[in-house]
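Before any comments, here is the structure.
Bear in mind these aren't lab numbers, they're just calculated from the coordinates by the rules spelled out. Model, not experiment: these values are computed from the prediction. As a convention, Cβ positions derive from the backbone with ideal geometry for all residues, glycine included, and neighbour counts pool all protein chains shown.
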């Protein structure tokens, strides 16, 4: 898996997720409306001396809309990842510049999830991770298979606590 060089000795990847595809739904629907409106505008555009300039303007608007409401959200979704390892929860995001945040499993005190009716149908939800320290609570929205992720994370926290207890003996 990419990023193996950033793991500590004995640490292994368990799960890598991107936000649920639902995050792309709104921008793509807006993009579809813009494209439909542009097609309707081109069809209804009267022929005349300014028609060429109007077609060019519509083309530029559609091109910018594809970049703003299509490409940027897709890249943001693709470059955002939630990684679970045997020792930490890692958050990575950013298109041009990257940022990351790591939460050692040993500092996590509670893991919970919630999802409404639409989220249940789509198989996603909100994961809340409570940890000791200055940040306290981390809320991750649009997590795919949130119940499974919560169960895995809870198990990993228990395994890490047991591992550290064995090392202390």
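Given the -39500 (n - 2.57) contribution per DSSP H run of 4+ residues, what per-residue ellipticity at 222 nm results for the chain, rounded to the nearest 500 deg cm²/dmol? Walk me through the intermediate numbers first.
Details: 5 runs with 76 residues, N = 169.
For the chain, the value works out to -15000 deg cm²/dmol.
Rounded to the nearest 0.05, what FRET efficiency do residue 106 and residue 54 have when you use their Cβ-Cβ distance and R0 = 41 Å?
Working: r = 63 Å, r/R0 = 1.53.
Efficiency, from the Cβ-Cβ distance: 0.05.
If R0 is 22 Å, the Cβ-Cβ spacing of residue 6 and residue 76 corresponds to a FRET efficiency of close to 0.55. What does the C-alpha gyration tensor say about the overall shape of the chain? Classify as rounded when a/c is under 1.5, otherwise prolate if a/b is larger than b/c, or oblate. It is prolate, given that a/c is not under 1.5 and a/b is the larger ratio. Histogrammed with a bin width of 10 Å, the alpha carbon distances of region 33-85 distribute as 22, 35, 21, 13, 7, 3, 1 percent, first bin at zero. With the convex hull constructed from alpha-carbon coordinates only, region 1-93 shows a mean projected area of 7.5 nm² over all directions.
Paramagnetic label reach from residue 25 (point 7 Å along Cα→Cβ; backbone nitrogen cut-off under 18 Å): within region 63-100, residues 70, 73-74, 77-78. Counting other Cβ atoms within 10 Å as a rough exposure proxy, the listed residues 154, 113 run 154, 113 from fewest neighbours to most.
Enclosing the Cα atoms of region 58-139 in their convex hull gives a volume equal to 135 cubic angstrom per residue.
Normalising the average separation of contacting C-alpha pairs (under 8 angstrom, six or more residues apart) by the number of residues puts the relative contact order of region 51-136 at 16 percent. If you average the C-alpha positions of region 113-142 and of region 15-66 separately, how far apart do those two centres end up, in angstrom? Cα centres, region 113-142 to region 15-66: 33 Å. Extension gain for residue 66 to residue 15 (0.36 nm times residue separation, less C-alpha to C-alpha distance): 15.2 nm.
Taking 99, 49, 109 in turn, the Gaussian network model of the chain (Cα-Cα springs below 10 Å) assigns the largest fluctuation to 49.
Backbone N atoms of region 4-38 closer than 20 Å to the 7 Å Cα→Cβ label point of residue 163 belong to residues 4-17.
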